[in-house]
Every structure is written in C-alpha cells, then in structure tokens.
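In what follows, a single structure is set out as structure tokens and then discussed.
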Amino acid sequence: MQTLTLRRLKANLLDLPKKVQHGVGKTLYFKKHEELSAFYGKQRSKAVQWDSSEFFSRLSDLRQLCNHPALIERQVGGRRYTWKEGSKVVHLVSHLKEFFQKEPSLRYPKAVVLSEYKRSLDIGIFNLMMHGMLKNDQRIQILEAFRKNPKSRVLLTTKGTGGVGIDLRCAQNLYIMEPGWNPSTDDQAVDRLYWLGQKKEVHVFHYITVGSIEVNIQQVRRKKQQLQMLSIGHLGTVDHELEKLIVETIEKS
C-alpha cells in the first residue's frame, strides 16, 4: 500500500494550533455491568442455536450501561435515576464547569459532547441537542444558535449527526462519551473542530469505562490501528499513539 498511496497530514500542510488528546478512565458506580455480563455468558452457553439479535441486544445494553444505568432500565415502574449516578456524566459536568470558569484566553468557550446513543444525551442539563430525528431546518437553527449565541456553550449531538459534514470550529473542547468500533469515525468527529480556520487550541476527551465491554472495544480499535500502520507505514503512528494513550489510561485507572 505504501507504494500505491500518497498521504498528507494536516500537521504538515496546515498552520493549525495544537490538538491535545486526553484519555479519561472511569469506573461504574454500580456492579450491574458484572451481573449483566454473567447473565449474558450463561444465556449464550445455554443457547442451542445462535441468535444474532439477542447477541447485539445484550452488547448494546453493556455499552449503554457504561454511560448511565438508566439507559438499560426498560421495565415499567423502575426506579428513577439522576444524572449524578453516571460516573462519565459527573466528570463531564464537572469538567465543563471548570472549563467555562477558568479559561481566560477564550472569549466565548464552547464544547461539543458526542455519543452514539441519543438517550445518553438526554441528561436534562443542556438545551442544545442535535440528532437524526430532527428535520434539516431544525438542525440548521441549532447550529446557528451554537455558533452565534454566546450563551449557547454546549452542543450535544450523536456521532451520526454531528460527527460528519458540519462545521464546529467555534468549539474548543470535544467530549467523546464512548469508544466506537471504528476509530476513523471518531477521527471524523475531531475534524469537525480541528480544521483549517481553527484559531484556538483543541482538546479532545475520550471516555472509557474501566473493566467493561469498552475495554474489549478498545482492543479491537487498537488492532485496526495496527493494521493501518502495516499498510501505510510510519504515517499511521499518529493514530496509533492515541490508541496507546487510551490503553495507558485504562492501566492507570
């Protein structure tokens, strides 16, 4: 592949400010992830015939549980959760508060929160949320409010809606709430902020729940990055360093 492809990096071609990647390792407040994992393993061992729908349903439950326990509570009359019962959300709110209060170099600090699940964004704290169920004119109104209104400082959006094809260079912080199977999807999301015309330093925070299914997903991501390095040589080390950073975050947590 190296003899057939030509790759140019933004760092070499564009005069851009610094981009800083952060790995944020969190632990669950509850042991329900262990219970679900054990239940899933028992069900799978008992299954006579492979049921792909059941498998992906359980997998989705495990992933959403890492964001907040309320996301998998489907039964009627189940207890009500607060946003403070999700370790990722607690860190997110705390860090955003600190970012807005202690960033003197920014006149209008803004942040984007990205998740694969719309329900993960329904935390009832911020009012600007963009997702696939909105009409195009509604999305335009939300983006305009985020870009031009100094009081609109946080945009919540799903990866499929806010991760591609839009301009979010007015923001300086990006919070990716969970690792996706394809690292290129997250790279695309980062490029919504970090591109030609960005004047401020960009910080990207990658959340991962230690001791959960997200660690397995991260292992898959790293293997994909290693394959990328084999195909395009040393130019793939930039992406590989990010995966290495997240692995180190897991080990330290």
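The values are calculated or read from the model by the stated rules, or taken from the named source; none is laboratory data. Bear in mind the structure is a predicted one, so any value in this text is a computation, not a measurement. As a convention, Cβ positions derive from the backbone with ideal geometry for all residues, glycine included, and neighbour counts pool all protein chains shown.
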Tell me, yes or no, whether region 114-131 has at least one residue that is more than 22 Å from I217 (Cβ to Cβ) and among the basic types (K, R). no
Residues in region 119-127: is at least one in a loop (DSSP other than H, G, I, E, B), farther than 17 Å from A70 by Cβ and in contact with a Pro (Cβ under 6 Å, 6 or more places away or on another chain)? no
Qualifying positions in region 125-151 - touching a helix residue (DSSP H, G or I) at 6+ places or on another chain (Cβ under 7 Å) and in contact (Cβ under 8 Å) with a residue 40 or more places away in the chain: I125
Number of the exception - W195 against (1) part of a helix (DSSP H, G or I); (2) modelled with pLDDT under 90: (1)
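Does R139 meet the test of being surrounded by 15 or more Cβ atoms within 10 Å (Cβ to Cβ) and farther than 20 Å from V24 by Cα? Give the derivation first.
On the way: surrounded by 15 or more Cβ atoms within 10 Å (Cβ to Cβ): yes; farther than 20 Å from V24 by Cα: yes.
For R139, the condition - surrounded by 15 or more Cβ atoms within 10 Å (Cβ to Cβ) and farther than 20 Å from V24 by Cα - is met.
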Does any residue in region 87-103 that is in the same structural domain as L114 (by TED's automatic domain parsing) come within less than 7 Å, Cβ to Cβ, of a residue that is part of a helix (DSSP H, G or I) six or more places away or on a different chain, and which pairs are these? K88/N67; V89/W83; V90/K84
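Per-residue answers, yes or no, for (1) assigned to a helix (DSSP H, G or I); (2) closer than 18 Å to E178 by Cβ; (3) among the β-branched types (V, I, T); (4) at pLDDT below 70:
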| residue | (1), (2), (3), (4) |
| --- | --- |
| K200 | no, no, no, no |
| H206 | no, yes, no, no |
| V215 | yes, yes, yes, no |
| Q219 | yes, yes, no, no |
| Q226 | yes, no, no, no |
| M229 | yes, no, no, no |
| V247 | yes, yes, yes, yes |
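Per-residue answers, yes or no, for (1) over 30 Å from L143 (Cα atoms); (2) modelled with pLDDT of 80 or more; (3) assigned to a loop (DSSP other than H, G, I, E, B):
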| residue | (1), (2), (3) |
| --- | --- |
| S37 | yes, no, no |
| V48 | yes, no, yes |
| R63 | no, yes, no |
| V90 | no, yes, no |
| H95 | no, yes, no |
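Just to be sure before I move on: is G78 at pLDDT 75 or above and either under 21 Å from T157 (Cα atoms) or not in a helix (DSSP H, G or I) (or both) in the structure I sent? It would help to see each step written out before you state the result.
Working: at pLDDT 75 or above: no; either under 21 Å from T157 (Cα atoms) or not in a helix (DSSP H, G or I) (or both): yes.
Considered against the rule, which asks whether it is at pLDDT 75 or above and either under 21 Å from T157 (Cα atoms) or not in a helix (DSSP H, G or I) (or both), G78 comes out as no.
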Per the list (1) surrounded by fewer than 16 Cβ atoms within 10 Å (Cβ to Cβ); (2) touching a Gly at 6+ places or on another chain (Cβ under 7 Å), residue check on T185 breaks on (1)
Members of region 160-182 found to be surrounded by 20 or more Cβ atoms within 10 Å (Cβ to Cβ) and either in a helix (DSSP H, G or I) or in the same structural domain as R63 (by TED's automatic domain parsing) (or both), listed by number: G162
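Could you list, in sequence order, the residues of region 129-153 that are outside any helix (DSSP H, G or I) and either at pLDDT 95 or above or more than 17 Å from the chain's Cα centre (by Cα) (or both)? Give the steps one after another, and end with the answer.
Taking region 129-153 as the starting set, the residues that turn out to be outside any helix (DSSP H, G or I) are 129-135, 149-153.
M133, L134, K135, N149, P150, K151, S152, R153 - these are the residues of region 129-153 that are outside any helix (DSSP H, G or I) and either at pLDDT 95 or above or more than 17 Å from the chain's Cα centre (by Cα) (or both).
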